[in-house]
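In what follows, a structure is listed as structure tokens, so that the remarks can point back to it.
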Amino acid sequence: TMESGVFYQCSALSSVTLSENLSAVGRYAFTGCTALTTITIPDSVTRIGSNVFEGCSLLTRIVIPRGVVSVDASTFQGCTNLTDIEAVTENPVFVSVDGLLYHKHYSALVCCPPGKTGSVRILSGVERIWSQAFQDCHRITSVEIPYSVTYAWWNSFHYCSSLTEVRASEWFKVHFADCFM
């Protein structure tokens, strides 16, 4: 297990290949590694803790291998250039479409990468939007939420400073208005 904060604010660290013997990456492990551009996560890793890559502003893409069954939106907070989160096809829990991370079978949207720009369309059939799923997505200007979404956490869209258009049912807008504050 990689302990919490082990490489916290190692601002010169630019590339990491994690060991095949590793099963978990603890919270804040790479937080503040502002030069980190690439990370290779082996299939042996099953859990990626919260805020692991927070502030890794040079990461543009991350691959979630088949072993990872636990990750959340806060893992990528402040990754301002991250535009693509890819879950490998063999992953039993997660799937990605257009760089967004979903739960397998598209029951929930887990995370939109903070570096995404322009319009984002959540896939039809998605029922829930996870907490912090769009947090810090400063470059998103519009989002389309399908009628199938029946729940979103109160902080799902926090700090989306460029978000000017939300296309969703009136029911959703009324019941989840606090998501957009």
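The values are calculated or read from the model by the stated rules, or taken from the named source; none is laboratory data. Quantities reported herein were computed from a predicted structural model and do not represent experimental measurements. For neighbour counting, all protein chains shown are included, and Cβ atoms are generated from backbone atoms with ideal geometry for every residue, glycine included. Each accessible area value is taken on the protein alone, full model and side chains, heavy atoms only, with ligands, DNA and RNA left out. Shrake-Rupley method; radii C 1.70, N 1.55, O 1.52, S 1.80 Å.
Observations, loosely collected:
- Enumerated strands (runs of 3 or more DSSP E) restricted to the stretch 1-65, each holding at least 3 residues that are out of contact with any Pro (no Cβ under 6 Å at 6 or more places or on another chain) and over 14 Å from ILE85 (Cα atoms): 15-17
- Of all residues making up the stretch 49-97, the number that are closer than 20 Å to ASN155 by Cβ, in contact (Cβ under 8 Å) with a residue 40 or more places away in the chain, open to solvent by 40 Å² or more (accessible area, probe 1.4 Å) and out of contact with any His (no Cβ under 8 Å at 6 or more places or on another chain): 1
- Top-ranked residue in the stretch 104-118 [being outside any loop (DSSP other than H, G, I, E, B) and open to solvent by less than 50 Å² (accessible area, probe 1.4 Å); ranked as nearest to ILE140 (Cα to Cα)]: GLY118
- You will find that of VAL6, VAL45, VAL52, VAL63, the residue that is out of contact with any Leu (no Cβ under 7 Å at 6 or more places or on another chain) and more than 22 Å from CYS137 (Cβ to Cβ) is VAL6 and no other.
- Count of residues meeting criterion [over 23 Å from GLY99 (Cβ atoms), open to solvent by 70 Å² or more (accessible area, probe 1.4 Å) and not in a helix (DSSP H, G or I)] in the stretch 148-181: 3
- Residues that are open to solvent by less than 10 Å² (accessible area, probe 1.4 Å) and either at pLDDT below 95 or of a type in the set (Val, Ile, Thr) (or both), drawn from the stretch 33-48: VAL45, ILE48
- Filtering ASN81, ASN91 for residues that are within 29 Å of SER19 (Cα to Cα), modelled with pLDDT of 95 or more, assigned to a loop (DSSP other than H, G, I, E, B) and in contact with a Lys or Arg (Cβ under 6 Å, 6 or more places away or on another chain) leaves a single hit, ASN91.
- Checked against (1) open to solvent by 10 Å² or more (accessible area, probe 1.4 Å); (2) over 15 Å from the mean Cα position of the chain (by Cα); (3) among the polar types (S, T, N, Q), GLN132 passes all but condition (2).
- Number of the exception - THR141 against (1) in a loop (DSSP other than H, G, I, E, B); (2) at pLDDT 95 or above: (1)
- Scanning the stretch 8-32 for residues that are in contact with a strand residue (DSSP E or B) (Cβ under 9 Å, 6 or more places away or on another chain), surrounded by 15 or more Cβ atoms within 10 Å (Cβ to Cβ) and not aliphatic (A, V, I, L, M) turns up GLY26, PHE30.
- The stretch 96-118 - residue that is among the small types (Gly, Ala, Ser) and at pLDDT 95 or above and, of those, nearest to PHE53 (Cα to Cα): GLY115
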